[in-house]
Structures are given as structure tokens and as C-alpha cells.
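Asker: Got a structure here, written out as C-alpha cells. Questions coming.
The values are calculated or read from the model by the stated rules, or taken from the named source; none is laboratory data. Only a predicted model underlies this, so the values are computations on that prediction, with no experimental measurement involved. All Cβ positions, even for glycine, are placed from backbone atoms using ideal geometry, and neighbour counts span all protein chains on display.
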Amino acid sequence: MPTARDTLMDAAFAALGERPWEAVRMTEVAAAAGVSRQTLYNEFSSKDGLARALARREAEEFLAGLDSTLAGARCAGGDAGECFAAAARWTLRSARRSPLLHAALTGPGRSGVPVPGAGLVAALHARTVAVLVDGCPRLLPEDVGWACEAALRLTLSYVIAPAADDEESCLRIGQLIRGLLDPPARGGR
């Protein structure tokens, strides 16, 4: 059974999906959660406290899902490109579902809620690098780092300006990683 705190954050998240944070009223959030306004203030102290808790919860859920996605791609035998494509897919889906995550990945935008911002992007980068370095020991960590940075920047561009097909975008991001980390031999024909 969800706690009052979880129910309040769910109600605030739902309200944020309908209007900007500045237009969300604490009395409406409490009523939607089925609790008193005093309960809301006991849990979060202020509207800003609710916003910070909501942003923290969204970031934690995103990163937990990212970890699970990356682990699943590695367990399935995915190469570096497939692993990053899976991370990109998770990122695009999550940003489309959550205005808070979209704002955290791209800037405050319309949500108006304080977001983890650069810290979330840095965590996304660090986690993808760690999985690729661990899963592909022949790759140099510094090469993986800059390749992931390039692929992350491309992923974020798709968050900001969506392509017609997210799946195609993720496949292309995987190709980018492969090309950067395993370029074709020079010379040759």
C-alpha cells in the first residue's frame, strides 16, 4: 500500500503533466491524494520541498531503470553499440513520459520544478561508460568516455528535437558508438 508521501508525489506528478509547476496548488495536490493539506505540509514542509522530493524520486527511478536496461543489454551479449542504444532508448522513453526528466536532461523548460540537471546527465554518462568499459575490456576507458559523450549528446538532441522514429534513432546511436570505438581499418583496398 502506498504511503501518504508516495500518493502525494503521484498527485503532484499528475498535476505537473497538466500544467506548469507555478500553476499547481498544494490544496489541489492534497485533495487529489485524498489527504489534508496539513498532511502534505507535514511530509514536505513547503511546495519547494515537494518539488525537490518529486525531482529526486524521478531521477532515482530513471537511474535505476538505466542500470537495469544496461545490465539487460550486457546479459544479452550486447556489444558497446547495442548497450548504448538500449540506454538511449530508455532515456528517450523516460524523457517522453516525464516532464521532470525531460527538464532535467534539457533544462528547466516549462515544468518550473527544480531538477537535478547536470548531475543527472553526468550520472547517465558515468554509468554508460562504466558498463562499456567493464563489458568491453579491450576498449580504452578514455576512448569509451568520449564516445559515450558524443552518443549522449546525440541522444539529448533527440530528447530536445524528436526524430520521426525513436527506434531508428537508437539504432543510429548504436552505429555511432560502434564506429567511434571500432572504426574500420584504414588503407586497404
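Asker: Being within 19 Å of residue 4 (Cβ to Cβ) and among the basic types (Lys, Arg) is the filter here; which residues of the stretch 35-77 pass it?
Answerer: 37, 47, 52, 56, 57
Asker: If I filter the stretch 149-159 for residues that are of a type in the set (S, T, N, Q) and at pLDDT below 90, do I get at least one hit?
Answerer: Looking only at the stretch 149-159, we keep the residues that are of a type in the set (S, T, N, Q), and these are 155, 157.
From what's left, at pLDDT below 90: none.
So far as the stretch 149-159 goes, no, none of its residues is of a type in the set (S, T, N, Q) and at pLDDT below 90.
Asker: If you go through the stretch 70-100 one residue at a time, how many are over 16 Å from residue 169 (Cβ atoms) and touching a Phe, Trp or Tyr at 6+ places or on another chain (Cβ under 8 Å)?
Answerer: Summing the residues that are over 16 Å from residue 169 (Cβ atoms) and touching a Phe, Trp or Tyr at 6+ places or on another chain (Cβ under 8 Å) in the stretch 70-100 gives 2.
Asker: Okay, moving on. Which residue pairs have Cβ atoms under 7 Å apart, sit 6 or more places apart or on different chains, and have a first residue in the stretch 91-103 that is over 15 Å from residue 163 (Cβ atoms) and a second that is assigned to a helix (DSSP H, G or I) and hydroxyl-bearing (Ser, Thr, Tyr)?
Answerer: As it stands, the answer is 101/94, since those pairs meet every condition given.
Asker: A follow-up question, please. Taking the residues in the stretch 5-49 that are in a loop (DSSP other than H, G, I, E, B) and either of a type in the set (Lys, Arg) or without any contact (Cβ under 8 Å) to a residue 40 or more places away in the chain (or both) as candidates, determine which candidate is surrounded by the most Cβ atoms within 10 Å (Cβ to Cβ). Please lay out each step first, then the result.
Answerer: In the first step, residues of the stretch 5-49 are kept if they are in a loop (DSSP other than H, G, I, E, B); the result is 19-20, 24-25, 34-36, 45-46.
Still in the running and either of a type in the set (Lys, Arg) or without any contact (Cβ under 8 Å) to a residue 40 or more places away in the chain (or both): 19, 24-25, 34-36, 45-46.
Details: 19: 13, 24: 20, 25: 13, 34: 11, 35: 18, 36: 13, 45: 12, 46: 11.
Checked the stretch 5-49; the qualifying residue surrounded by the most Cβ atoms within 10 Å (Cβ to Cβ) is 24.
Asker: Further question: Within the stretch 32-51, which residues are among the polar types (S, T, N, Q) and touching a helix residue (DSSP H, G or I) at 6+ places or on another chain (Cβ under 7 Å)? Working first, answer last.
Answerer: Filtering the stretch 32-51 down to residues among the polar types (S, T, N, Q) leaves 36, 38-39, 42, 45-46.
Across the stretch 32-51, the qualifying residues are 36, 39.
Asker: Being basic (Lys, Arg), part of a helix (DSSP H, G or I) and surrounded by fewer than 18 Cβ atoms within 10 Å (Cβ to Cβ): is that true of residue 89 here? Give the derivation first.
Answerer: Details: basic (Lys, Arg): yes; part of a helix (DSSP H, G or I): yes; surrounded by fewer than 18 Cβ atoms within 10 Å (Cβ to Cβ): no.
Here the answer is no, as residue 89 does not meet what is asked.
Asker: Determine, yes or no, whether residue 68 is within 23 Å of residue 155 (Cβ to Cβ), surrounded by fewer than 18 Cβ atoms within 10 Å (Cβ to Cβ) and free of Cβ contacts under 8 Å to residues at least 12 places away in the same chain.
Answerer: Values: within 23 Å of residue 155 (Cβ to Cβ): yes; surrounded by fewer than 18 Cβ atoms within 10 Å (Cβ to Cβ): yes; free of Cβ contacts under 8 Å to residues at least 12 places away in the same chain: yes.
Answer is yes for this residue.
Asker: With respect to residue 78, determine if the residue is in the same structural domain as residue 131 (by TED's automatic domain parsing), at negative phi and part of a loop (DSSP other than H, G, I, E, B).
Answerer: Details: in the same structural domain as residue 131 (by TED's automatic domain parsing): yes; at negative phi: yes; part of a loop (DSSP other than H, G, I, E, B): yes.
The answer is yes for residue 78.
Asker: Do we find a residue being modelled with pLDDT of 85 or more and aliphatic (A, V, I, L, M) anywhere in the stretch 110-117?
Answerer: Going through the stretch 110-117, the residues modelled with pLDDT of 85 or more turn out to be none.
Taking every residue of the stretch 110-117 in turn, none turns out to be modelled with pLDDT of 85 or more and aliphatic (A, V, I, L, M).
Asker: How about the stretch 160-176: which of its residues are under 14 Å from residue 93 (Cβ atoms) and buried (at least 18 other Cβ atoms within 10 Å of the Cβ)? Talk me through it step by step, then tell me what you get.
Answerer: Of all residues in the stretch 160-176, those under 14 Å from residue 93 (Cβ atoms) come to 162-163, 165-167, 169-170, 173.
Listed by number, the residues that qualify are 169, 170, 173.
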